[in-house]
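Down below is the structure, laid out as structure tokens.
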Amino acid sequence: MKWQAACAYVEQHHRHHDPPQGHQFSLGVLTEDGRLVGVAIVGRPVSRNLDNGLTVEVTRVATDGTVNACSALYAAAWRTARSAGYRRAITYTQDGESGASLRAAGWRKVADLPARPGWDAPSRPRHPLGTENIARALWEITTHDAPPLPELPDETSDETRPERGRRKRCPECKTPIAAAVTGRPARYCSPACRQRAYRRRSTPTKSPRSALP
């Protein structure tokens, strides 16, 4: 399917998510009379820890309730991804969803993830989506030679800029540097320290030989 058409279907039928920002490919399932009853959108993994070039994520599946439509979409998504050279496909379900369609398509649950308070962070502002504070389950399907699933990151941390436990210090005065709200982290604690460092680098140093008589 075209991505725009798949997004329009998700907008109309998905229970708790808006359309994603992009895709690798999208699929639709039709009845015998040609009626569209469901779509699947497949893209790169949202978690950068899982985005290794060999993995895709089924980011959206939406149907009108037709029996077996979800299972058909999950199975077709994996067949398409595997034929393109991918070795793993992943997706998530929310707490309270049985995952029966995934099991019927050959997927398996690999992890239960705790509820997260939200995806907003100083280095990555996000608006509430209405899906916060809901536990999730991670599912996968793989080829026989797929590499092991990497260690999953802490769901409560900021994946873009994880905390290291210690605050960075200014190289001039050794004062702790406040975390940046947006953009790149500061290197110096103040403009004065930055200027002192620049002047020191710009001042030519005398060679030890020039001090000899």
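Among the candidates GLY65, GLY96, GLY34, the residue that is more than 26 Å from PRO150 (Cβ to Cβ), more than 21 Å from the chain's Cα centre (by Cα), part of a loop (DSSP other than H, G, I, E, B) and modelled with pLDDT under 90 is uniquely GLY96.
Restricted to region 25-39, and to residues there that are without any contact (Cβ under 8 Å) to a residue 40 or more places away in the chain and over 14 Å from ALA69 (Cα atoms), the residue that is surrounded by the fewest Cβ atoms within 10 Å (Cβ to Cβ) is ASP33. When region 45-71 is filtered for residues that are out of contact with any Asp or Glu (no Cβ under 7 Å at 6 or more places or on another chain) and aliphatic (A, V, I, L, M), the ones remaining, listed by number, are LEU50, LEU54, VAL56, VAL58, VAL61, ALA62, VAL67, ALA69. Within the option set THR63, THR91, THR55, being in contact with a His (Cβ under 8 Å, 6 or more places away or on another chain) and buried (at least 20 other Cβ atoms within 10 Å of the Cβ) holds for one residue only, THR63. Applying the set (1) open to solvent by 30 Å² or more (accessible area, probe 1.4 Å); (2) farther than 19 Å from LEU50 by Cα; (3) at pLDDT below 95 to ARG79 leaves exactly one unmet item: (3).
ALA179 satisfies every condition listed in (1) modelled with pLDDT under 75; (2) of a type outside the set (D, E, K, R); (3) outside any loop (DSSP other than H, G, I, E, B) except (3).
The values are calculated or read from the model by the stated rules, or taken from the named source; none is laboratory data. Quick caveat: nothing in here was measured; it's all calculated off a predicted structure. Backbone-built Cβ (ideal geometry, glycine too); neighbour counts: all protein chains shown. These area figures cover heavy atoms from the full protein model, side chains too; ligands, DNA and RNA do not enter into them. Shrake-Rupley method; radii C 1.70, N 1.55, O 1.52, S 1.80 Å.
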